[in-house]
Amino acid sequence: MGISPAVLSAAFVVGLMVGSFLNVCIWRIPAEEQVARGRSHCRSCRKEIAWYDNVPLVSFALLGGRCRHCKARISWQYPAVELATGLLFAALVAQFGVSGRSAAYAVLGSALILLAVIDLREMFLPDEITLPGISVSVVFSYFLPELHGAAGRWGGLWASALGVLGGASVVWLIRAIGTFLLRKEAMGLGDVKLMAMVGGFLGLWKTLLVILFLGPILGSCVGLALIVRKGYKAVRMTPMPYGPMLALGTLVALFWGDSMIGWYLKCFGI
């Protein structure tokens, strides 16, 4: 039985509200400000934003993308994050139903959106997100062993722990080899912790799929697009955050990882 449009719409609205909160975190976590306290305010004039000017997507459209008070432009990041989170929540419910799996993956997806945008803006992945995310992934896996296709809670816990250790170890090894060959830091430790979190939610095989296949392909596509736009020299001298590629690869693996792994095994007769 399919999911009704009403349920999908509700999931989308919940995602919009979560996306609005993620925008608060994107600004406040790097600035080491309190996330749970303090009203939202304009980044230009510092005036508090009324509730009717803080409705996801709607307020941005009605205000024409400008602050009501000082008329400063509001970043397109706000509606983009809200829309992306809303669509993600609706897609999760469509794929996995109204279930514990959807809830767990909604937590993972929210963390990935948050980390990807912060990495794009600030070039780092905050421990305040990745480290609690690792712990949450293990807890979810214990109570929801179906995340890993495990028969019991201890099986789910073992699969999650293996994913955490495997994801972190593989990225750390790639980082060490790349740093040795390039004579400069190839990847940050934040990427190691990010993939430890992903491994806790998705398990070892899907995590390896992200690290060894999807991440490099997405990174190469972005790099080529930037070279075409800015030229090789400009791109070579500009550091590129890898977190967004890993985050996007994780979402691809989340929805289609089982099919991709099955196709790979079939092609090689395994």
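Just give me the residues in the stretch 106-118 being crowded, with 24+ Cβ neighbours inside 10 Å and within 14 Å of Arg28 (Cα to Cα), in sequence order. Hits for the stretch 106-118 are Leu114, Leu115, Ile118. Quick one: Ser135 ticks every box in (1) surrounded by 19 or more Cβ atoms within 10 Å (Cβ to Cβ); (2) of a type in the set (Ser, Thr, Tyr); (3) outside the structural domain of Ala11 (by TED's automatic domain parsing) bar one, so which box is it? The number of the failed condition is (1). Residues considered: Val35, Val13. Of these, the only one that is over 30 Å from Gly190 (Cα atoms) and either outside any loop (DSSP other than H, G, I, E, B) or in the same structural domain as Ala90 (by TED's automatic domain parsing) (or both) is Val13. Checked against (1) assigned to a helix (DSSP H, G or I); (2) under 28 Å from Pro30 (Cβ atoms); (3) in contact with a helix residue (DSSP H, G or I) (Cβ under 9 Å, 6 or more places away or on another chain), Ala186 meets all criteria but (1).
For (1) within 24 Å of the chain's Cα centre (by Cα); (2) among the acidic types (Asp, Glu); (3) surrounded by 14 or more Cβ atoms within 10 Å (Cβ to Cβ), each residue gets a yes or a no:
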site: Ala10; (1), (2), (3): yes, no, yes
site: Leu16; (1), (2), (3): yes, no, yes
site: Glu33; (1), (2), (3): yes, yes, no
site: Asn54; (1), (2), (3): yes, no, yes
site: Cys67; (1), (2), (3): no, no, yes
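Let's see how each residue does on (1) assigned to a loop (DSSP other than H, G, I, E, B); (2) hydrophobic (A, V, I, L, M, F, W, C); (3) modelled with pLDDT of 80 or more:
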residue: Pro216; (1), (2), (3): no, no, yes
residue: Ser220; (1), (2), (3): no, no, yes
residue: Leu226; (1), (2), (3): no, yes, no
residue: Lys233; (1), (2), (3): no, no, no
residue: Pro239; (1), (2), (3): yes, no, no
residue: Ala247; (1), (2), (3): no, yes, yes
residue: Ala253; (1), (2), (3): no, yes, yes
residue: Trp263; (1), (2), (3): no, yes, yes
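Just one of the numbered conditions (1) over 23 Å from the mean Cα position of the chain (by Cα); (2) in the same structural domain as Pro126 (by TED's automatic domain parsing) is not true of Leu108: (1). Within the stretch 40-52, identify whether any single residue is of a type in the set (Lys, Arg), assigned to a loop (DSSP other than H, G, I, E, B) and within 25 Å of the chain's Cα centre (by Cα), and answer yes or no. Yes - at least one qualifying residue is present in the stretch 40-52. When we screen Ser44, Ser20, Ser4, Ser59 for residues that are farther than 26 Å from Gly133 by Cβ, polar (S, T, N, Q) and either in contact (Cβ under 8 Å) with a residue 40 or more places away in the chain or in contact with a helix residue (DSSP H, G or I) (Cβ under 6 Å, 6 or more places away or on another chain) (or both), the only hit is Ser59.
The values are calculated or read from the model by the stated rules, or taken from the named source; none is laboratory data. Because the structure is predicted, anything quoted here is derived from the model rather than measured. Glycine gets a Cβ as well: all are built from the backbone with ideal geometry, and neighbour counts include every protein chain shown.
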